[in-house]
Amino acid sequence: MDTKPFTKEERKFIGRLAKESIKERLMHWNASPQGIIDKLFKEEIERFPILKEQAACFVELEKNCTLRGCIGSMVPHRPLYGDVVANAMSAAFKDPRFPPVMDWEIEEISIEVSVLGDFDDTKKIEDIEIGVHGVSLERSGRKAVLLPKIATRYDMTLEDFLDAACIRAGIVQGGWDEPDTKLILFKIKDTIVV
């Protein structure tokens, strides 16, 4: 995907994709991501060719400054517009940590779409820049992903950040330093808040 930031119009449309998809699913519980795209956005997508490129994103929902859902993709495997819609719906209705979003909540929820940028397979801990890099950590079939903002939000050191990834993956703190642990660093290309 192009490394240039999204235009104002592209950012606005990405935000609409996320929010309107959740609203449509609230009205029609059997709606699929592709059905929503076809119904609400099919013609409009043609105006934004960059959103047809394969890309990965995370969609995070917050209510009263508290996490209400977060689902994302690490690997680009569909057009960005499809990833935004599918992950918005999953964050709202399929995050196992939370009950599904209800219609009366939608206006109280803020939506943040983080479009992933560059990736870097590494074992060089010193390459991680707090607040710049997110991390995907995998070991013994267990996996966790932390977005870059987690480290700054909670004022974490590098070791705190990596230990938090270990805890989320269900492995022992410090497990990030083991030879069989795979770390992938990534940056966020752009973040859109609705």
Residues of segment 93-120 satisfying the condition of being at pLDDT below 95, in a strand (DSSP E or B) and either acidic (Asp, Glu) or more than 16 Å from GLY131 (Cα to Cα) (or both): ASP118, ASP120
Failed item, numbered, when SER73 is tested on (1) within 15 Å of ALA18 (Cβ to Cβ); (2) out of contact with any strand residue (DSSP E or B) (no Cβ under 7 Å at 6 or more places or on another chain); (3) free of Cβ contacts under 8 Å to residues at least 60 places away in the same chain: (2)
Answer residue from segment 100-116, given it is open to solvent by less than 50 Å² (accessible area, probe 1.4 Å) and of a type outside the set (Val, Ile, Thr) and is nearest to the chain's Cα centre (by Cα) among those: SER114
Failed item in (1) under 30 Å from GLY35 (Cα atoms); (2) crowded, with 17+ Cβ neighbours inside 10 Å; (3) not polar (S, T, N, Q), with LEU185 passing the rest: (1)
Hey, PHE13 open to solvent by 30 Å² or more (accessible area, probe 1.4 Å), closer than 20 Å to ASP190 by Cα and of a type in the set (A, V, I, L, M, F, W, C) or not: no
Inter-residue pairs, beta-carbon under 8 Å, first farther than 19 Å from ALA86 by Cα and in segment 1-17, second modelled with pLDDT under 85 and open to solvent by 90 Å² or more (accessible area, probe 1.4 Å), 6+ apart: THR3/ASP118
Count of residues meeting criterion [open to solvent by 80 Å² or more (accessible area, probe 1.4 Å) and assigned to a helix (DSSP H, G or I)] in segment 35-69: 5
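Look through ILE171, ILE150 and report the one residue that is of a type in the set (Val, Ile, Thr), in a loop (DSSP other than H, G, I, E, B) and at pLDDT below 95.
ILE171
Tell me, yes or no, whether segment 123-143 has at least one residue that is open to solvent by 10 Å² or more (accessible area, probe 1.4 Å), in a strand (DSSP E or B), over 24 Å from ILE36 (Cα atoms) and touching a residue at least 40 places away in the same chain (Cβ under 8 Å). So that I can check it myself, show each step before the final result.
Just the residues of segment 123-143 that are open to solvent by 10 Å² or more (accessible area, probe 1.4 Å), to begin with: 123-133, 138-143.
The next check asks that each one be in a strand (DSSP E or B); those that pass are 138-139, 142-143.
Now drop any that are not over 24 Å from ILE36 (Cα atoms), which leaves 138-139, 142-143.
Subsequent filtering for residues that are touching a residue at least 40 places away in the same chain (Cβ under 8 Å) retains 138-139.
Yes: segment 123-143 contains one or more residues that are open to solvent by 10 Å² or more (accessible area, probe 1.4 Å), in a strand (DSSP E or B), over 24 Å from ILE36 (Cα atoms) and touching a residue at least 40 places away in the same chain (Cβ under 8 Å).
The values are calculated or read from the model by the stated rules, or taken from the named source; none is laboratory data. Just so we're clear, the structure is a prediction, and the values are computed from it rather than from any experiment. Cβ atoms come from the backbone with ideal geometry, glycine included; neighbour counts cover every protein chain shown. For the accessible areas, the whole protein counts, side chains as well, though only heavy atoms, and no ligand, DNA or RNA atoms are used. Shrake-Rupley method; radii C 1.70, N 1.55, O 1.52, S 1.80 Å.
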